[in-house]
Amino acid sequence: MKLTELFDKGEFVVSSEVGPVKGCVRDVGGEEPVCLKEARELKGKIHALNVTDNQSAVMRLGSLAASIKLKAEGHEPIFQMTCRDRNRIALQSDLLNACSLGIDNVLCLTGDHIALGDHKQAKAVFDIDSVQLLHIAKNMNEGKDMMGNELSQPTNLALGAVVNPNADPLDLQIFKMESKIAAGAQFFQTQAIYDPAVFEKFVKRVEGFGVPIQVGFVMLKSPAMAKFMNNNVSGISVPESLIEEMASVPKGGRKEKSVEITVRLLKEMAPMVQGIHFMPLGWSNLVPSVIEQLDLKN
Amino acid sequence: MIGTVNKPFEEVLESISDYERVGVIGCNGCAKVCKTGGEQAVDTMAEKLKGAGKDVVLKALPDRTCYVYKTHAALDPVKDEVAKAEALVILGCGGAVQITRKVTEDYGLVMPVKAALNSVGHMDTFIEGELAMEQCQECGDCMLNDTGGICPVTKCAKSLVNGPCGGSQNGKCEVDPNRDCAWVLIYNRLTALGELDRLRKRLLAKDWSLMARPRTLNIKEGRVE
Ligand code: SF4
Ligand code: SF4
C-alpha cells in the first residue's frame, strides 16, 4: 500500500528501517538473515519498512531485491534509492523494475559519498541529485520518462524524501525541502533528531507546506555510540545531556534507558507531525515496546 | 593551470627500464608553478636518472609543453639529440606528454614518451608556491552566474546542483570535515549578494553530454565539436 493513502486517511504513519545484509538471502537453510529477522520483529507493529540502498556506501544486498523479499513476507517496503551508484538510465529503469515487481513506495535520496564506504576507489556517479530523481519519478508516475518519452504503462509509486531539521543553515535545508516538494515529494522522513525545541522550530517553518512529515529517530545504544554519531554521522547531533543520561546507567540497563529516552522525546515530537520513522540499527526488537508506550492511537 | 605531482621515481624508472639513453623534458608553464616541471625539476630528474645508470642525452624546457608550437620551438633546434635518445621522460601534465609524443611523430621518430608526473586537475593558485585548488572542471555549461561565482560541480563532492546533501554539517562537507560545504559557501555568498532567488531557477539535471570526451574545440569558429 502507498504511504500517501495512509497519510490521506489521516493515519499516524509509523515506519522503521532495515539494512540489507552483506550477502545473499536465499533460503538455503541455516540461520535467518539478520535483516529478515529484524523485519519479522516489527511485523504488524508498523506501517512500512525502509530498506536502505547500500547504506553508508557499503556494498550489500540491493534495496530492490531486499524490498521484494520483504514484500513477499508480508511487509510493506519503502524502497530507498540513492543517486550515488546509478546514472539516470539505471535509476529510471529501477523505478520501472520496482513498480513492476509490486513496490508501492520509494524514498529518493542523494546518497552518502563513496569516501565513507568500503569501496573507496569506486567512481561516484551522482549524475542527478535527489531533487531531480523526485522530479523524474513524478513524471514517470504520469507516464513519461525524463526525456518526455511515453511509458507503455506508468509507474504508480508514492514518493518520499528526506530532510534534516538539525541542518545549519536551516534556511538552506528548507530551500532544498521546498525544491523537493516542487519536484514531487509526497512525504518526508527527517534525519534523527534529539532536541524537541530544535524540531519545533523546524516544524513551525514547514507546517504550511502541506506535506506529511515523519520524525526520524535513531535509538541511542550507549554513550560511545552517541558520541560516534556526533562525530561521524553527518547531520546528527545528540545533546550532551542525553549522552550523560545514557552513561548514568550500567551496561545491562541501557536498553531500558534507551526505550525510556525514546518514548520521552517522541512523546514531545510526534504530536507535531504526521508520523515516526525509526532507525533502530539492530535494536528493532525494542521498537514495538516504544510504540506501545507511545500509545499512538490517542 | 593543470596541477601535477611527481610519480614515485621507481615507477618512472620502471617505465624506461628497457632504455639507456633518455631525454628529460620539462614544462615552464603549469608544472613550473607546481614545482614539478621547471628548470630545477628537470635538473633533479636528470641527476636522479644518471644516478640510476641512465645516459641523459638531452634536457629541454618548452615554455608550455602542452602548446605544440612551443614544444616544437624548444625541440626543433635539438632534434638530433631527441633522435639520439631511446626514450623521453616528460615532467609535464598528461597533455604535455601527448603533445611531446606528437612532436616526435612529426620528426618521424617512433619512441616511447613517458610521464614522470601525475596530473591532478585544473587548479588555481591560492597561495603562491604553496597551495592550489580545483575550482572548475569545464562542464560546458557554466553555472557560476547563478551560484555566486562558486562552482558546485567542482567544489561539492557530489557535484550537486540543487542545494546541499544531508551530510553538510556545521558548514563542512561530509567527505572531509576540514573542507567547507560548497553549498553553504554558495548560500552565504548569494545571501550577501541579495541573489538568493537565483537558486530557485535550477531544477534541471545537468547535461553531462557537454562533458562527453574527447571534446574538440573549433577555435576558429569558437565552438565545441
Ligand atoms: S559550472 Fe563549474 S565546472 Fe562548469 S564551467 Fe562553471 S566553474 Fe567550470
Ligand atoms: S556536504 Fe556539501 S559539499 Fe559535501 S557533498 Fe554534501 S552538499 Fe556537497
Among (1) under 19 Å from B:Gly29 (Cα atoms); (2) near ligand 1 (Cβ under 9 Å from one of its atoms); (3) of a type outside the set (Gly, Ala, Ser); (4) buried (at least 20 other Cβ atoms within 10 Å of the Cβ), there is one condition B:Ile99 misses while meeting the rest; what is its number? (2)
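Looking at B:Lys70, B:Lys59, which is the one that is crowded, with 17+ Cβ neighbours inside 10 Å, basic (Lys, Arg) and touching an Asp or Glu at 6+ places or on another chain (Cβ under 8 Å)? Walk me through it before giving the result.
Numbers: B:Lys59 fails: crowded, with 17+ Cβ neighbours inside 10 Å.
Going through B:Lys70, B:Lys59 in turn, just one is crowded, with 17+ Cβ neighbours inside 10 Å, basic (Lys, Arg) and touching an Asp or Glu at 6+ places or on another chain (Cβ under 8 Å): B:Lys70.
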Restricting attention to segment B:151-181, report how many residues are over 19 Å from A:Met177 (Cβ atoms) and assigned to a helix (DSSP H, G or I). 3
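If you go through segment A:66-80, how many residues are buried (at least 16 other Cβ atoms within 10 Å of the Cβ) and closer than 21 Å to A:Gly23 by Cβ? Spell out the reasoning first.
To start, the set of residues in segment A:66-80 that are buried (at least 16 other Cβ atoms within 10 Å of the Cβ) comprises A:66-71, A:75-80.
Among the residues that remain, those that are also closer than 21 Å to A:Gly23 by Cβ are: A:66-71, A:75, A:77, A:79-80.
Of the residues in that region, 10 qualify.
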So, B:Asn178, is that one on the phi < 0 side of the Ramachandran plot and either away from ligand 2 (no atom under 13 Å from the Cβ) or not assigned by TED's automatic domain parsing to the domain that holds B:Glu10 (or both) or not? yes
Could you check how many residues of segment A:235-280 are more than 27 Å from A:Leu6 (Cα to Cα) and without any contact (Cβ under 8 Å) to a residue 40 or more places away in the chain? 19
Where in segment A:54-163 are the helices (runs of 4 or more DSSP H), entirely inside, with at least 1 residues that are within 14 Å of chain B (Cβ to nearest Cβ)? A:88-100, A:130-141
Mind counting the residues in segment B:146-175 that are of a type in the set (A, V, I, L, M, F, W, C) and near ligand 2 (Cβ under 9 Å from one of its atoms)? 6
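Suppose we filter segment B:132-146 for residues that are under 11 Å from B:Glu195 (Cα atoms) and in contact with an Asp or Glu (Cβ under 9 Å, 6 or more places away or on another chain); how many remain?
Narrowing segment B:132-146 to residues under 11 Å from B:Glu195 (Cα atoms): B:145-146.
Of the ones still in play, those that are also in contact with an Asp or Glu (Cβ under 9 Å, 6 or more places away or on another chain) are B:146.
Qualifying residue count for the region: 1.
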Selection status of A:Leu91, modelled with pLDDT under 95 and either closer than 29 Å to B:Gly163 by Cα or within 16 Å of ligand 1 (Cβ to nearest atom) (or both): no
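Please state which one of B:Leu88, B:Leu117 is under 13 Å from B:Ala31 (Cα atoms) and not small (Gly, Ala, Ser).
Being under 13 Å from B:Ala31 (Cα atoms) and not small (Gly, Ala, Ser) holds for just one of B:Leu88, B:Leu117, which is B:Leu117.
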Quick check on segment B:124-170: of everything there that is within 14 Å of chain A (Cβ to nearest Cβ) and touching a strand residue (DSSP E or B) at 6+ places or on another chain (Cβ under 9 Å), which residue is farthest from ligand 1 (Cβ to nearest atom)? B:Gly166
Give segment A:29-80 a look and list any residue that's within 18 Å of A:Phe187 (Cβ to Cβ) and aliphatic (A, V, I, L, M), or say none. A:Ile46, A:Ala48, A:Leu49, A:Val51, A:Ile78
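A quick yes/no check of all residues on (1) buried (at least 17 other Cβ atoms within 10 Å of the Cβ); (2) touching a helix residue (DSSP H, G or I) at 6+ places or on another chain (Cβ under 6 Å):
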site: A:Phe126; (1), (2): yes, no
site: A:Gln132; (1), (2): yes, no
site: A:Gly143; (1), (2): no, no
site: A:Ala161; (1), (2): yes, yes
site: A:Ala182; (1), (2): no, no
site: A:Ala185; (1), (2): yes, yes
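Could you please find all residues in segment A:164-189 being of a type outside the set (A, V, I, L, M, F, W, C) and more than 10 Å from chain B (Cβ to nearest Cβ)?
Of segment A:164-189, the ones of a type outside the set (A, V, I, L, M, F, W, C) are A:164-166, A:168-169, A:171, A:173, A:176, A:178-180, A:184, A:186, A:189.
Those that are of a type outside the set (A, V, I, L, M, F, W, C) and more than 10 Å from chain B (Cβ to nearest Cβ): A:Pro165, A:Gly184, A:Gln186, A:Gln189.
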Failed condition for B:Arg215, given (1) part of a helix (DSSP H, G or I); (2) more than 30 Å from A:Ser237 (Cα to Cα); (3) in contact with a Gly (Cβ under 8 Å, 6 or more places away or on another chain): (1)
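The values are calculated or read from the model by the stated rules, or taken from the named source; none is laboratory data. This one's a predicted model, so the numbers in the text were calculated from it and none came from an experiment. Here the Cβ is made from the backbone with ideal geometry for all residues, glycine too, and neighbour counts use every protein chain on show.
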